[in-house]
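The values are calculated or read from the model by the stated rules, or taken from the named source; none is laboratory data. As the structure is a prediction and not an experimental result, all values here were calculated from the model. A quick note on method: Cβ atoms are made from the backbone with ideal geometry, for glycine too, and the neighbour counts reach across all protein chains shown. Areas reflect the complete protein model, heavy atoms only, side chains present, ligands, DNA and RNA absent. Shrake-Rupley method; radii C 1.70, N 1.55, O 1.52, S 1.80 Å.
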Amino acid sequence: MILKKREKDFHLDGLKALVKRLPDSHPLIDTINKKIAMMTAGIRGESKLEAVFEIYSFLDEIYILHDISFYSTGNAQIDCLVISPHFALILEVKNIAGEMSFLVGTGQISRVLENGQIDHFESPMVQIDRNSDLLYDWFRLNGFLIPILGAVILPYATQKVNVHLDNYPVLFPGEIPSFIKRLKNHKSTTEAILVKDIAEKLVNEHQLFNPFPICRRWNVDVECLKKGVFCTKCSTGMMIRYLRTWVCQVCLHKDPSAHQYAIKEWFMLVGGEFTNKICRDFLNIQSKGYAWRELSKMGLIVNGQGKSTTYKMELLE
Ligand SMILES: [Zn+2]
């Protein structure tokens, strides 16, 4: 049973908004584009794992928690946690292109790309060890004892790995159901009802990661951001207001609500209290009345009245 689904990646949305609004010569553009590519590949990998659990049902009481973050003796973040009466299984997804090698005794993996480029990453084995210790502490704090196991998941069967280490198996998504079935042969240690309680408690303690405001997180000067309403279709063209709608100057797409996403981007990137003046400045518009009308339609949190009215937006929804 899937007890917790993966949430929308707010950090990725924020970085996409940021990279679009950075000046073309900004020194962070390459770094942020690489981060976006890495996060997108990570999400694609985790979706492969989600798909396995969506189509496969287990006879036993098995609870699946995708992308769970909690605090015990430190912060833990687990790609997928499987809790059963027999064991807890930590699944760490590694979506790395190229040929991977686990480097014995270094806590690292290396990968070689087709062009010969070599990069090093933290080994998923180290990540599982760390999360396993934190989960063990959380179980202990909650009076729960169960064996904790781990496995590294490579989302694509085309990924090539040179060395398999003994401490955790390396699996492709299609292998997971039968792997879990084999694990069920472990002796039962816990009442099924208690397992459900403990899995639900963990979901209740899940800490949603708040990456906003993005400019502060990435140390970007808000003054350098490009202003205006970007096209909601091609993302690159700027839109202008024309006959009660917004029109893209590049692809001619029309969207009467395009300004709403630009306002959301301001909250993601800059954050704090929004005013009619900030709105006109950020959207490159003149009309106070238009800004006022549109802001009052957006369901924002409103404080004060008249000229001192300020607006806030709830972003983690
Ligand atoms: Zn466009």
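Summary table
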read-out	value
Subset of the range 103-116 [under 18 Å from residue 35 (Cα atoms) and in a loop (DSSP other than H, G, I, E, B)]	113
Scope the range 214-252; condition open to solvent by less than 50 Å² (accessible area, probe 1.4 Å) and within 14 Å of the ligand (Cβ to nearest atom); matching residues	228, 229, 230, 231, 234, 237, 239, 245, 246, 247, 248
Residues located in the range 42-58, provided they are surrounded by 14 or more Cβ atoms within 10 Å (Cβ to Cβ) and among the aliphatic types (A, V, I, L, M)	43, 49, 52
Condition met for residue 121 (assigned by TED's automatic domain parsing to the domain that holds residue 76 and open to solvent by less than 30 Å² (accessible area, probe 1.4 Å))	no
Filter result for the condition that a residue is modelled with pLDDT of 90 or more, open to solvent by less than 70 Å² (accessible area, probe 1.4 Å), in contact with a Ser or Thr (Cβ under 6 Å, 6 or more places away or on another chain) and not hydroxyl-bearing (Ser, Thr, Tyr), over 134, 171	134
Boolean, residue 187 is over 24 Å from residue 76 (Cβ atoms), open to solvent by 30 Å² or more (accessible area, probe 1.4 Å) and either in contact with a Leu (Cβ under 9 Å, 6 or more places away or on another chain) or at pLDDT below 95 (or both)	yes
Residues (touching a residue at least 60 places away in the same chain (Cβ under 8 Å), touching a Lys or Arg at 6+ places or on another chain (Cβ under 8 Å) and part of a helix (DSSP H, G or I)) located in the range 18-46	20, 21, 45, 46
Candidates 3, 18, 22 - the one that is surrounded by 14 or more Cβ atoms within 10 Å (Cβ to Cβ) and closer than 24 Å to residue 128 by Cβ	3
Subset of the range 78-110 [without any contact (Cβ under 8 Å) to a residue 60 or more places away in the chain, within 25 Å of residue 147 (Cα to Cα) and surrounded by fewer than 21 Cβ atoms within 10 Å (Cβ to Cβ)]	105, 107
Selection count where residues are within 22 Å of the chain's Cα centre (by Cα) and without any contact (Cβ under 8 Å) to a residue 60 or more places away in the chain, scope the range 265-291	4
Restricting the range 50-98 to residues that are among the aromatic types (Phe, Trp, Tyr) and under 19 Å from residue 179 (Cβ atoms), the residue that is nearest to the chain's Cα centre (by Cα)	53
Any chance residue 12 is among the aliphatic types (A, V, I, L, M) and more than 20 Å from residue 132 (Cβ to Cβ)	yes
Pairs with Cβ under 9 Å, 6+ apart, first in the range 137-149 and within 27 Å of residue 170 (Cα to Cα) and assigned by TED's automatic domain parsing to the domain that holds residue 83, second open to solvent by 50 Å² or more (accessible area, probe 1.4 Å) and assigned to a strand (DSSP E or B)	138/71
Pairs with Cβ under 7 Å, 6+ apart, first in the range 239-251 and free of Cβ contacts under 8 Å to residues at least 12 places away in the same chain, second within 9 Å of the ligand (Cβ to nearest atom) and open to solvent by 60 Å² or more (accessible area, probe 1.4 Å)	240/249
Residues that are within 13 Å of residue 70 (Cβ to Cβ), in contact (Cβ under 8 Å) with a residue 24 or more places away in the chain, open to solvent by 20 Å² or more (accessible area, probe 1.4 Å) and of a type outside the set (Val, Ile, Thr), drawn from the range 192-213	200, 201, 205, 206, 207, 208, 209
